[in-house]
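Novice: Sharing a structure below in structure tokens format, with a few things to ask.
The values are calculated or read from the model by the stated rules, or taken from the named source; none is laboratory data. Not measured: the values here are computed from a predicted model. Here the Cβ positions follow ideal geometry from the backbone for every residue, glycine too, while neighbour counts run over all protein chains shown. Remember, those area values only see protein heavy atoms, side chains included, never the ligands or the DNA or RNA. Shrake-Rupley method; radii C 1.70, N 1.55, O 1.52, S 1.80 Å.
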Amino acid sequence: MTTLPSPMLRALELARAAAQAGEVPVGAVIVDPATGEIIGEGANAPVMAHDPTAHAEIIALRSAAAKLGNYRLTGLHLYVTLEPCAMCAGAISFARIGKVIYAATDPKGGAILHGPRFFQQPTCHWRPEVEQDDANDIEAGDMLREFFRSRR
């Protein structure tokens, strides 16, 4: 298990690796806030994995759950380079993540600040604390814009 000074910097590294693999550049890291230990991580991989659910957050959740031997990740923090979509927000809620820290907002596909605002819905049974990482939002957003610009 690994400890890093900044989980978001690791998430950005994972996002860069996803872009180099031809995937949308999103990275996610799950951390135990008490120790700073990285419990799980993931990078977008739906194209490579032939799996529409292989978003960075889902891969990180699966990794952390396997490592802990429990699908409940209560109290852990999820750092992700892009505002999670509705699918990922649902999985985050089911996993009982304690806090979500995201870098770039996603007005088109995001589901926390935008769109369905999943955690604000009465049908959402677990609401993590949510925070935007203003220190890394520009880098994460630029990486995404460059990725899509290069494909047009």
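Novice: Need the C-alpha centroid separation for segment 4-62 versus segment 102-150, integer Å.
Specialist: Using only Cα atoms to place each centre, the spacing works out to 15 Å.
Novice: Per residue, how much accessible area does the chain show when a 1.4 Å probe rolls over the protein heavy atoms, in square angstrom?
Specialist: Averaged over the residues of the chain, the accessible area is 50 Å².
Novice: By the scheme Lys and Arg +1, Asp and Glu -1, what is the net charge of all other residues having a beta-carbon under 14 Å from that of ALA43?
Specialist: Around ALA43, the charge tally is -2.
Novice: Still on this structure, I have one more. State the antiparallel share, in %, of DSSP beta bridges confined to segment 20-152, rounding to the nearest 5.
Specialist: Among the beta bridges of segment 20-152, antiparallel pairing accounts for roughly 50 percent.
Novice: Enter the per residue convex hull volume of the chain, computed from alpha-carbon coordinates, in Å³ rounded to the nearest integer.
Specialist: 105 Å³
Novice: Please say if segment 77-124 is rounded, prolate or oblate, where rounded means a/c under 1.5 for a ≥ b ≥ c the square roots of the C-alpha gyration tensor eigenvalues, and otherwise the choice is prolate for a/b larger than b/c and oblate otherwise?
Specialist: Oblate is the answer for segment 77-124, as a/c is 1.5 or above yet b/c matches or exceeds a/b.
Novice: Largest first and in whole Å, what are the equivalent-ellipsoid semi-axes of segment 18-102 based on the Cα gyration tensor, each being the root of 5 times an eigenvalue?
Specialist: 20, 12, 12
Novice: Under a 10 Å cutoff between Cα atoms, tell me which one of ILE30, ILE38, ILE138 has the largest fluctuation in the Gaussian network model of the chain.
Specialist: Residue with maximal mean-square fluctuation among ILE30, ILE38, ILE138: ILE138.
Novice: Another question about this same structure. Among GLY109, CYS124, LEU61, which residue has its Cα furthest toward the positive end of the charge dipole of segment 1-144, with +1 on Lys/Arg Cβ and -1 on Asp/Glu Cβ?
Specialist: CYS124
Novice: Measure off, as a whole percent, the carbon and sulfur share of the 1.4 Å-probe accessible area of the chain, all protein chains present.
Specialist: Accessible surface attributable to carbon and sulfur in the chain totals 56 percent.
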